[in-house]
Amino acid sequence: MTEQIDKALAREYEAGFVSDVESETFEPGLDESVIRRISEMKGEPEWMLEWRLSAFREWLEMEEPEWALVDYPKIDFQSISYYSAPKSMKDKPKSLDEVDPELLRTYEKLGIPLIEQQMLAGIAVDAVFDSVSVVTTFREKLEEAGVIFCPISEALHKYPDLVKKYIGSVVPKKDNYYAALNCAVFTDGSFVYIPKGTRCPMELSTYFRINEQNTGQFERTLIIADEGSHVSYLEGCTAPQRDENQLHAAVVELVAMDNAEIKYSTVQNWYPGDENGKGGIYNFVTKRGICHTNAKISWTQVETGSSVTWKYPSCILKGDNSVGEFYSVALTRGRQQADTGTKMIHIGKNTKSTIISKGISAGRSNNSYRGLVRMNPGAEGARNFTQCDSLLIGDQCGAHTFPYVESRNPSAIIEHEATTSKVSDEQMFLCRQRGLDPEKAVSMIVNGFCKEVFKELPMEFAVEAGKLLEISLEGSVG
Amino acid sequence: MSEWLESAIARAQGINDWLAPKRAHALELLANTKWPTRKTEAWRYTPLRPVERTQAKVITDKVELLPVAIADLSAIELVFVNGQFDQTQLAKTLPEGVSISLGGDLDTAQQAEALHAFSTIKPERHIFGLVNDALAQDVVVVTVAEGVEITQPIRISSLLSQGAESHTRVQVTLAAGSRLTVIEDVQAQGDSFNTAFVEYKVAANASLEHYRFALQTGSNVSIGGSHFNLHDHAKMHSTLVGFGSELSRLDTDIIHAGEFADAKLNAMYLLDGKELFDLHATVEHAMPNGKTEENVRCIVADRSRAIFNGRIHIHRDAQKTLAELNNRNLLLSDKAEINTKPELEIYADDVKCAHGATVAQIDKQALYYLQTRGVSRSKAQVMLNFGFINELIDLMPNAALAEWIRPIIRERFAQMEVK
Amino acid sequence: MSNTKSLLTIKDLHASVEEKQIIKGLDLDIKPGEVHAIMGPNGAGKSTLGYVLSGRDGYSVDSGSVTLDGEDLLDMETEDRARAGLFLAFQYPVEIPGVSNLEFLKASVDAQRQARGEDAITSADFLKEAKAACKQVNLPVAFLKRGVNEGFSGGEKKRNELMQMLLLKPKLCILDETDSGLDIDALQIVAEGVNSQRSADRSFIVVTHYQRLLDYIKPDFVHVLSDGKIVKSGDASLALELEAQGYAWLQKEPVEDELEG
Ligand SMILES: Nc1ncnc2c1ncn2[C@@H]1O[C@H](COP(=O)(O)OP(=O)(O)O)[C@@H](O)[C@H]1O
Ligand SMILES: [Mg+2]
């Protein structure tokens, strides 16, 4: 039966094509001059360069973390190119008409048409291609509402004060090895600012595409939701199918001011490598948000891609009554390795956090949940609920749970539960007795296992996530 | 590497006895071991400063110390005083089928066997296990013959006088189908330092009832472990009671080396003052059809700190394993701290594994309810704390031990600061 | 014997589970529209028969033949048997957490219609039918949104099975103790559900322990299954006889050691 299940989960990596665009790519290698060049290409202010350089110097002193349950050959940081951009982007196209049609075609093939008329209404997209943002849609409409949504490289010119104030404020430069590296070499990413009391009129989303060979992608996202505002942000990612591993080390910082709410959803579908573990993206990502009084940050992630994932979207619940949520589905197959989870740091009074993690391991993969719940002495009346469920498919994979629970406040309540299970023979038999083929049966059962997380995704993404797991949500009752 | 460890290594290099190969191996490993810091996962929450600062010294002069008496318990007493096995306290005649010997007194074949067991039961990752390997003073080997059921428990007491350092080591082998109860106990006076490791081989169909009391408090450093190797259809039932001291650290390893083994571990620790207690319980399911059930409960008051790491590792071949861990903690003060980490590492699909951990404070409603019935707040708190732990005491198979420990625990709760 | 073609024909069936022979030479012939009751002591192999017919993994046929509508049933995959019109209402329905009843049913109906080359039913129409089916088995419509059998009581699970039967419209329904654990009202609901589905081209195998169900569902034939064989067949009156006398008189030898059974 395992075979049938494996077959059900196996799928072509549809985003594995390469786009034929002429790019300007740095020679592989990393030193201060590379960083200066990146900064220069982007025409950055001096302080930004200094910030990058100081991060770089700190990075040189740091060691690669080894505590995660992932195993990969040592990365040669000198063999990576740190900048690659389509040549056509050099003169900064002013409108969509000026953008290289091949780039537009790439996104269209990925199901992300960038022509506004063809787009899903209600979603604005920032399309990042290797090291640059190609286009950001619906900007006018957003500007009317006072919402800023643009590439971070552009924000550095237009809103330097905002960027300067918040960049590195949630994830400090030397937070960890990959974050420090990102600080030094980040190329582009999205910047969002939602003004006070504003409900962002549409979903914002960034679509990351790695195309060029031997390049790393180091994007940086900064989202600031000012007092009483609300935004829902989506993120998607894909890369061509290649035999070499490629590094993706992103940093995402979220700032939710008093009474603000940020909902951040990710469908991560980087190329996972082939069945034997050849190729694939190393996805080493630092994501963290800070919640001020009464604010709420909700992370939802569906992780199906990457050969190695190292990712812990976290919340610092600084303000009283603030709320952090983490909903995660991580599916690993083949030789994929995922070490993912969250940190909930409760600082303010009556802060609340919820963690729902669903791990599905198949093939020869390893899938770990790693989480931290910390109640600081001041977290009077704080609460956490954590549920981690693992589903094992076959006897060659691994499913692991590493929760750290730390409490220093007697009035705080923490509840953590973890279970493991498999797709049972009885369930399979029931489905097949009703006429479902085994593949459909598995995807339905796996989908059911993930339900609590999928229901947190915005509609359009729920559909995409379902497809990723080869699961049709069709017929589900709304 | 710390100065303490360097001097320990230097001292160990002088020892030459039957354990020499084991000591040499340990020294080799120690030479390549980093002194644990906050970044060392196994010592993340337990700083080793008390070890680094200890002034405790090995005392070779003969000292008279007796283990505490336990009413209604008639045990075979196996006593170490400052690390030295006190032959005089051992009964002259032992029940049929039991042998208790100093390792040095065994014949060569027996020593070889004991050495082999020493290299297979306790995992080599414990730094203080290696220290103990290198520095162990008297080593005692206990065996129970095949099919023999020993009703009289064996109590292993490690007694330390003021400022003493000791490193004790016992190996217990239950041959196939035998039954035995072992009680491990450390009683230490102030400013002492001890490492105390006991290793158990529980052969097929044998059954071990086990207790470890770590009741020493105050300015002691007490580090040790109980390590179990379970063979086909072996059973173990272990109870741990810990009070914590300046630094108390226990490592428990349960290895399902055979099929259909059944392990139960109930642990409770009750910490007060500035005490620290750190339990690392690891269960390795290396074979199919094993069963493990762990219940760990902690109450921490004042400025104390409890650390628990409960790891369950299901190996690829260990299909049909049932493993469950339940960890509940009560935090009584805003200066106290609980750090708990229940871990699952699973490589087999047809298994049932779960863990749960909660941290909370005393049920306010229950407290209120008792108060409305006229019970004082402090008394009510003691009652509720006690209830939380009492469930585990009720599960102790040995009634004499349960009745002995119950009032001790009650007394401890009465002394805990009420907020 | 009438000349109508048989719907189900079982000939000298031998089947085993985990190397243990459970069905030991069983013959049964069911014509369209007939209702056959199968009774028998615990451990006789009644549930096993249902599993073997529906092709559950681990249940292997050692010899004999089974045809459904003239086609070799034993040659088909489980889901193909279902699509050919065989439905099993489980004695112990399993839970599938997170998968809503409606989603599950729609997928089943879609798969079966597609296999039969019929057009897909629209979601709206299906929802209407599903609601009607709920009503018929007296389950609140909210059960459509709940996970399949997730947290249902024993009786609710049984009614949920029946609801699925109503929607799938099979040719051959095997009801495995669908009446056990039901109170008298629920029993009547089940019986009415079955009776409403009785038709010239639909047959039933009703496995039960109790004569009382047969007060409501009048069987055309009653068979006694004991130790993997049909030891006696008769009309509805046989059930009354069994009620009065138990099974012992039918067994040439006492049932094998209870422990084994
Ligand atoms: N998976 C199995 N493994 C071994 N024996 C089984 C299994 N399933 C059923 N049996 C045995 O088959 C016999 C028939 O069981 P069953 O068909 O459930 O009886 P009934 O439904 O008539 O009560 C019983 O002896 C039962 O113990
Ligand atoms: Mg049955």
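Per the listing C:VAL52, C:VAL94, C:VAL61, the residue uniquely open to solvent by 10 Å² or more (accessible area, probe 1.4 Å), within 16 Å of ligand 2 (Cβ to nearest atom) and not small (Gly, Ala, Ser) is C:VAL94.
Here is a check on your reading of the model: is B:THR340 facing chain A (nearest Cβ under 7 Å), within 16 Å of B:TYR269 (Cα to Cα) and either in contact with a helix residue (DSSP H, G or I) (Cβ under 9 Å, 6 or more places away or on another chain) or surrounded by 24 or more Cβ atoms within 10 Å (Cβ to Cβ) (or both)? Taking the combined requirement at face value, the residue satisfies it. I'm checking my understanding of the structure. Among residues of the range C:142-185 that are among the acidic types (Asp, Glu) and within 11 Å of chain A (Cβ to nearest Cβ), which one is surrounded by the fewest Cβ atoms within 10 Å (Cβ to Cβ)? It comes out as C:GLU150. Considering the conditions (1) within 14 Å of ligand 1 (Cβ to nearest atom); (2) more than 14 Å from chain A (Cβ to nearest Cβ); (3) open to solvent by 30 Å² or more (accessible area, probe 1.4 Å); (4) of a type in the set (Lys, Arg), C:LYS5 is excluded by exactly one of them, (1).
Selection of the range A:392-440 for residues being more than 7 Å from chain B (Cβ to nearest Cβ), surrounded by 24 or more Cβ atoms within 10 Å (Cβ to Cβ) and not in a loop (DSSP other than H, G, I, E, B) yields A:LEU430, A:CYS431, A:ARG432, A:GLN433. Looking across the range A:343-368 at every residue that is under 25 Å from A:GLY448 (Cβ atoms), touching a Phe, Trp or Tyr at 6+ places or on another chain (Cβ under 7 Å) and not hydrophobic (A, V, I, L, M, F, W, C), the one that is surrounded by the fewest Cβ atoms within 10 Å (Cβ to Cβ) is identified as A:THR354. Take the conditions over 23 Å from the mean Cα position of the chain (by Cα), facing chain B (nearest Cβ under 10 Å), in contact (Cβ under 8 Å) with a residue 12 or more places away in the chain and open to solvent by 10 Å² or more (accessible area, probe 1.4 Å) and apply them to A:GLY378. Does it pass? Spelling it out, A:GLY378 is indeed over 23 Å from the mean Cα position of the chain (by Cα), facing chain B (nearest Cβ under 10 Å), in contact (Cβ under 8 Å) with a residue 12 or more places away in the chain and open to solvent by 10 Å² or more (accessible area, probe 1.4 Å).
Each residue in the range C:74-83 was checked for being in a loop (DSSP other than H, G, I, E, B) and more than 9 Å from chain A (Cβ to nearest Cβ), and 1 pass. Apart from one condition, C:GLU103 fits all of (1) in contact with a Lys or Arg (Cβ under 8 Å, 6 or more places away or on another chain); (2) of a type outside the set (A, V, I, L, M); (3) facing chain A (nearest Cβ under 8 Å); the exception is (1). Taken over the range B:195-212, residues that are touching a Gly at 6+ places or on another chain (Cβ under 9 Å), closer than 17 Å to B:LEU395 by Cα and crowded, with 23+ Cβ neighbours inside 10 Å amount to 1. Of A:ASP175, A:ASP188, all but one fail to be farther than 29 Å from A:ILE123 by Cβ and either crowded, with 17+ Cβ neighbours inside 10 Å or within 18 Å of the chain's Cα centre (by Cα) (or both); the exception is A:ASP175. The residue that is farthest from the other protein chains (Cβ to nearest Cβ), among those in the range C:106-141 that are surrounded by 13 or more Cβ atoms within 10 Å (Cβ to Cβ) and of a type in the set (Ser, Thr, Tyr), is C:SER123.
On the given criteria, is C:SER47 farther than 20 Å from C:PHE87 by Cβ and either more than 14 Å from every other protein chain (Cβ to nearest Cβ) or within 12 Å of ligand 1 (Cβ to nearest atom) (or both)? Against the criterion (farther than 20 Å from C:PHE87 by Cβ and either more than 14 Å from every other protein chain (Cβ to nearest Cβ) or within 12 Å of ligand 1 (Cβ to nearest atom) (or both)), C:SER47 does not qualify. Here B:ASP317 meets each of (1) open to solvent by 10 Å² or more (accessible area, probe 1.4 Å); (2) under 20 Å from B:SER207 (Cβ atoms) with one exception, condition (2).
Need the failing condition index for C:MET39 against (1) away from ligand 1 (no atom under 16 Å from the Cβ); (2) away from chain A (no Cβ under 13 Å), just the number. Result: C:MET39 fails condition (1) only. Taken over the range A:247-262, the criterion of being assigned to a strand (DSSP E or B) and either open to solvent by 10 Å² or more (accessible area, probe 1.4 Å) or aliphatic (A, V, I, L, M) (or both) is satisfied by A:LEU247, A:VAL251, A:VAL252, A:LEU254, A:VAL255, A:ALA256, A:GLU261, A:ILE262. Selection within the range C:23-36: residues that are away from ligand 1 (no atom under 13 Å from the Cβ) and not hydrophobic (A, V, I, L, M, F, W, C). The member of this set that is most open to solvent (accessible area, probe 1.4 Å) is C:ASP27.
Among the residues of the range A:381-391, the one identified as open to solvent by 10 Å² or more (accessible area, probe 1.4 Å) and of a type in the set (A, V, I, L, M, F, W, C) is A:PHE385. Residue count for the range A:136-167 under the criterion of being open to solvent by less than 20 Å² (accessible area, probe 1.4 Å) and either of a type in the set (Val, Ile, Thr) or under 21 Å from A:GLU40 (Cα atoms) (or both): the result is 10. Cβ separations smaller than 6 Å between residues 6+ apart or across chains give the following pairs from the range C:38-59 residues that are on the phi > 0 side of the Ramachandran plot to residues that are near ligand 1 (Cβ under 6 Å from one of its atoms): C:GLY40/C:LYS46; C:GLY43/C:GLY261; C:GLY45/C:ILE22. Filtering the range B:43-68 to residues that are of a type in the set (D, E, K, R) and open to solvent by less than 60 Å² (accessible area, probe 1.4 Å) leaves nothing. Being within 16 Å of ligand 2 (Cβ to nearest atom), open to solvent by 50 Å² or more (accessible area, probe 1.4 Å) and under 17 Å from the mean Cα position of the chain (by Cα), is that true of even one residue in the range C:70-84? No.
Of all the criteria given as (1) within 16 Å of ligand 2 (Cβ to nearest atom); (2) surrounded by fewer than 20 Cβ atoms within 10 Å (Cβ to Cβ), the one not satisfied by C:SER199 is (1).
Just one residue in the set C:GLY246, C:GLY193, C:GLY181 is within 16 Å of ligand 2 (Cβ to nearest atom), of a type in the set (Gly, Ala, Ser), more than 30 Å from C:SER63 (Cα to Cα) and at pLDDT below 90; that residue is C:GLY181. Of the residues in the range B:26-40, how many are open to solvent by less than 70 Å² (accessible area, probe 1.4 Å) and not in a loop (DSSP other than H, G, I, E, B)? Total meeting the criteria: 5.
A count restricted to the range A:61-78 and to residues that are exposed (fewer than 12 other Cβ atoms within 10 Å of the Cβ) and over 22 Å from the mean Cα position of the chain (by Cα) stands at 6. Only one of the numbered conditions (1) more than 16 Å from ligand 1 (Cβ to nearest atom); (2) within 13 Å of chain A (Cβ to nearest Cβ) is violated by C:GLU71, and that is (2). Flag not set for A:TYR327, criterion: in a strand (DSSP E or B), open to solvent by 10 Å² or more (accessible area, probe 1.4 Å) and touching a Leu at 6+ places or on another chain (Cβ under 6 Å).
The values are calculated or read from the model by the stated rules, or taken from the named source; none is laboratory data. This structure is a prediction, so every number in the text was calculated from the model and none was measured. Methodologically, a virtual Cβ is constructed for each residue, glycine included, from the backbone with ideal geometry; neighbour enumeration extends over all protein chains shown. Areas reflect the complete protein model, heavy atoms only, side chains present, ligands, DNA and RNA absent. Shrake-Rupley method; radii C 1.70, N 1.55, O 1.52, S 1.80 Å.
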